[in-house]
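Have a look at the structure below before the remarks.
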Amino acid sequence: MARPPISSGGTGARRGGEGLGASGIDDLLLSAMERGDESLQTGRYIMTYKPDAVEQGLEHLRSLNLRTADARDFEDQAVEVKDVGDADALVFPEIGAALVSGAAFESRGLSVAEDIGSDSPIETIEPEYFAFADDLTGDYLRGFQSAVEAIAADFGGSGKREEQSEVDAQVFGATWGLIVTKAILSSRSGAGIRVAVLDTGVDLTHPDFAGRTFATATFVSQPVQDLHGHGTHCIGTACGPNAPPGFTPRYGIGYQVAPIFVGKVLTNAGSGSTASVLAGMNWAIANKCAVISLSLGANTPVQAAYTAAGQAALNKGCLIVAAAGNSSGGPTGAPANSPTIMSVSSVDKNLSPSSFSSVGKVELAAPGRDVFSAAPMPKRYATMSGTSMATPHVAGCAALWAQTSASLRGQALWNKLLASTLPLPFPPARIGKGLVQAAP
Amino acid sequence: MGEQQRWVVTLSSDRPLADLRQELADAGLAVDEELEEIGVVIGRGDEAAVGRVRALRGVAGVARDTPIDIGGPDSPSTW
């Protein structure tokens, strides 16, 4: 496509490479996430002009020596921001507004609090905010209302700033763990991938899992129905739905994993033994589960049987991931300490290692502090912390990666997970290779 | 017969489980589960039986079954 004409008011000095076309919206979003910016501002600004004042608005932009693109210069006024290249501003004459790049805005000394004179063509100046699609189930208002609350809080208007993570959840529509692992940006769903979660079972009546396929087995002489909560929470993180009903943020990664293999290896009181866990591992491998998640363990040295199970899994195209443990700086427990089992430590919302997490033999880290997920009915949801919560984030991400290629199984899947981590400035003993990331 | 405990027998890959079955029983191990995919046998026996099992060709190791406890429903996550 030919580049459109771009007008400028003068010849003064220009900053290079900062035009509107330089960064796509995904770049801006990732950049905001990476610097921990939770304001939802894109870094660009919107000027809205008074009725019939667009031409004056254009003149104003040019008088500031801004390279200004005009939607009228594009066929049918169909312009994508990326098409304006170096332009600092893009005017939309039909709606009487202009988008201005952050760099240009700031370099010209403009601000949102600027006193707008009565003879100015400008009606308002405001930051541009990210917008997110919602499911076509009437949840549009959820995002809109929550975004308004977040913006109002930003401007000090609402009076009370909510718990940061709750605001994130509402505005982004997903838990912080799904945001930092980039699970919410993934094009994958875990479709066609079998994931086993060996734990206290699952609440088979939970409405968020209606319509999902489960394959269940118990190894502890109690029915699979989860009366503890731990198993349901972990399964929620690994495989929960894409769009939970109502105002609930998305909390699950592999939302099309099927079947979800639920192995009850811990009783409703949370107890089990090596034997029950091994039986569960055996069952998951026999059923060709590409990912086997264990949010459990004991503070013992490496157990040979776990190592053998981990090796058998890898040989057969399965990957066992296990929680390092919450010994607050003590060594990784078993089974995570086996060399053939992937050990997961926990990080907090600010991506620093969680104080409760075990250290030492750690392959990678994942979100484990204040993780929102499913709970047995009637409670429905709960927020929990632990390497137990970090592990199913890895399991879910592993399912997304496994979906990208049939060759990503066993050791190859292990290698891919480690190779794709986000590096963090902490010792490997605490975070391994870094923060797990979902497949794009 | 001594005190019966639960044991986790890890097999080496030199001999198939079917070959070992009789020898494990003869050694005094009451087999509860054969976990074929991972090459592990769970069984009950006393210390003397464990000593005999450990000496079998095809057995990589024998360990006590160890407990796991992540805490009850109302405790904050302990793992």
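The values are calculated or read from the model by the stated rules, or taken from the named source; none is laboratory data. Values in this document were obtained by computation on a predicted structure and should not be read as measured data. So basically every Cβ, Gly included, is an ideal-geometry build from the backbone, and we count neighbours across all protein chains shown.
Does A:S338 satisfy the criteria of being more than 9 Å from every other protein chain (Cβ to nearest Cβ), modelled with pLDDT of 95 or more and closer than 13 Å to A:I431 by Cβ?
No, not satisfied.
Only one residue in A:W414, A:W401 is surrounded by fewer than 24 Cβ atoms within 10 Å (Cβ to Cβ) and in the same structural domain as A:L204 (by TED's automatic domain parsing). Which one?
Unique residue meeting the criteria: A:W414.
Under the condition of being under 28 Å from the mean Cα position of the chain (by Cα) and β-branched (V, I, T), which residue from the range A:264-303 is nearest to the other protein chains (Cβ to nearest Cβ)?
A:I292
I'm trying to understand the selection: among the residues of the range A:234-258, which are surrounded by 24 or more Cβ atoms within 10 Å (Cβ to Cβ) and more than 17 Å from the chain's Cα centre (by Cα)?
Listed by number, the list holds a single entry, A:V257.
Tally up the residues in the range A:239-253 that are at pLDDT below 95 and not in a loop (DSSP other than H, G, I, E, B), please.
Matching residues across the range A:239-253 total 0.
Which condition from (1) more than 7 Å from chain B (Cβ to nearest Cβ); (2) part of a helix (DSSP H, G or I); (3) surrounded by fewer than 23 Cβ atoms within 10 Å (Cβ to Cβ) is the one that A:G317 breaks?
(2)
Pull out all pairs, ordered by first then second residue, where Cβ-Cβ is under 6 Å, the residues are six or more apart or on different chains, the first lies in the range A:400-423 and is more than 16 Å from A:V344 (Cα to Cα), and the second is modelled with pLDDT of 95 or more and hydroxyl-bearing (S, T, Y).
Once the first residue is more than 16 Å from A:V344 (Cα to Cα) and sits in the range A:400-423, its partners that are modelled with pLDDT of 95 or more and hydroxyl-bearing (S, T, Y) give A:L400/A:S186.
Among the residues of the range B:1-46 satisfying the criterion of being within 18 Å of B:T66 (Cα to Cα) and polar (S, T, N, Q), which is modelled with the highest pLDDT?
This residue is B:T10.
What number of residues in the range A:31-54 are without any contact (Cβ under 8 Å) to a residue 40 or more places away in the chain and not in a loop (DSSP other than H, G, I, E, B)?
Result for the range A:31-54: 2.
Can A:P207 be described as modelled with pLDDT under 95, over 25 Å from A:W401 (Cβ atoms), out of contact with any Leu (no Cβ under 9 Å at 6 or more places or on another chain) and in the same structural domain as A:M281 (by TED's automatic domain parsing)? Walk me through it before giving the result.
Details: modelled with pLDDT under 95: no; over 25 Å from A:W401 (Cβ atoms): yes; out of contact with any Leu (no Cβ under 9 Å at 6 or more places or on another chain): yes; in the same structural domain as A:M281 (by TED's automatic domain parsing): yes.
It is false that A:P207 is modelled with pLDDT under 95, over 25 Å from A:W401 (Cβ atoms), out of contact with any Leu (no Cβ under 9 Å at 6 or more places or on another chain) and in the same structural domain as A:M281 (by TED's automatic domain parsing).
Keeping to the range A:356-385, report how many residues are surrounded by fewer than 19 Cβ atoms within 10 Å (Cβ to Cβ) and within 22 Å of the chain's Cα centre (by Cα). Reasoning before the result, please.
Looking only at the range A:356-385, we keep the residues that are surrounded by fewer than 19 Cβ atoms within 10 Å (Cβ to Cβ), and these are A:370, A:377-383.
Right, trim to within 22 Å of the chain's Cα centre (by Cα) and you get A:370, A:380-383.
Total satisfying the criteria: 5.
Output the residues belonging to the range A:210-231 that are farther than 16 Å from A:A258 by Cα, within 14 Å of chain B (Cβ to nearest Cβ) and modelled with pLDDT of 95 or more.
First, pick out the residues of the range A:210-231 that are farther than 16 Å from A:A258 by Cα: A:218-231.
If we keep only those that are within 14 Å of chain B (Cβ to nearest Cβ) as well, we get A:218-222, A:225-231.
Scanning the range A:210-231 gives A:T218, A:F219, A:V220, A:Q222, A:Q225, A:D226, A:L227, A:H228, A:G229, A:H230, A:G231.
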